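The values are calculated or read from the model by the stated rules, or taken from the named source; none is laboratory data. All of these numbers come straight from a predicted model, not from anything done at the bench. Methodologically, a virtual Cβ is constructed for each residue, glycine included, from the backbone with ideal geometry; neighbour enumeration extends over all protein chains shown.
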Amino acid sequence: MFVVEQKCVFLDMDNMDQECFHLMGYMENDLVAYARIVPPGAVYKEASIGRVVTASSVRRKGAGKLLMQEAIGKCNELFDNTNIKIGAQLYLKNFYGSFGFIQVSDVYLEDGIEHIYMLKNAAT
C-alpha cells in the first residue's frame, strides 16, 4: 500500500523488525491488516505503533479501528500500560485522536506526506 497507493518508493530497511511485534489480520487466508508494534526505547522512549495499513477491500468497514484497538491493547499487554507515540499522517489526526492520541509536534514531511507526532498517555 505505501509503495503503490501512496507512491512512496523507498527502502524500508531500518533493522527494527527483529525487535518488534507484528500484528496481522487475515480474512479468508488473505492478509488485510497489519501494524508493527515497537518496544519502548527502540525508536522513542515510549512504545510505538507504526506501519498501520489495511487493504482497500476492508477500508471503511471498521478494520482500521479494530486494528488500532488490538495494537493499543497489545502495547498495554506487552509493555505494562506504557505511553504510546506514533508518527501519523496529518489527514488521520482525527482517526488517531479517537483513540486518545494527541498531537505533540508541528507538521513535518516524510516521503512528501505531511505527518505529525502523536502521543497516547497510558492513563487514557
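Only a single item in (1) farther than 23 Å from ASN15 by Cα; (2) buried (at least 17 other Cβ atoms within 10 Å of the Cβ); (3) among the hydrophobic types (A, V, I, L, M, F, W, C) is not met by ILE37, and it is number (1). Of note, VAL32 does not satisfy the criterion of being closer than 14 Å to MET68 by Cα, under 14 Å from the mean Cα position of the chain (by Cα), surrounded by 19 or more Cβ atoms within 10 Å (Cβ to Cβ) and hydrophobic (A, V, I, L, M, F, W, C).
Given the structure, is ASN94 in a loop (DSSP other than H, G, I, E, B) and either modelled with pLDDT under 95 or more than 17 Å from TYR44 (Cβ to Cβ) (or both)? Criteria not met by ASN94. Would you mind stating whether ASN121 is of a type outside the set (D, E, K, R), touching a residue at least 12 places away in the same chain (Cβ under 8 Å) and either surrounded by fewer than 18 Cβ atoms within 10 Å (Cβ to Cβ) or in contact with a Phe, Trp or Tyr (Cβ under 6 Å, 6 or more places away or on another chain) (or both)? Criteria met by ASN121.
Would you confirm whether any residue within region 46-62 is in contact with a Lys or Arg (Cβ under 6 Å, 6 or more places away or on another chain), charged (D, E, K, R) and not in a helix (DSSP H, G or I)? Scanning region 46-62, I find at least one residue that is in contact with a Lys or Arg (Cβ under 6 Å, 6 or more places away or on another chain), charged (D, E, K, R) and not in a helix (DSSP H, G or I), so the answer is yes. Return yes when GLY112 is of a type in the set (Gly, Ala, Ser), at pLDDT 95 or above and over 17 Å from HIS22 (Cβ atoms) and no when it is not. In short, no.
Residues in region 19-57 that are under 11 Å from CYS75 (Cα atoms) and in contact (Cβ under 8 Å) with a residue 40 or more places away in the chain: PHE21, LEU23, ILE37, PRO39, PRO40, GLU46.
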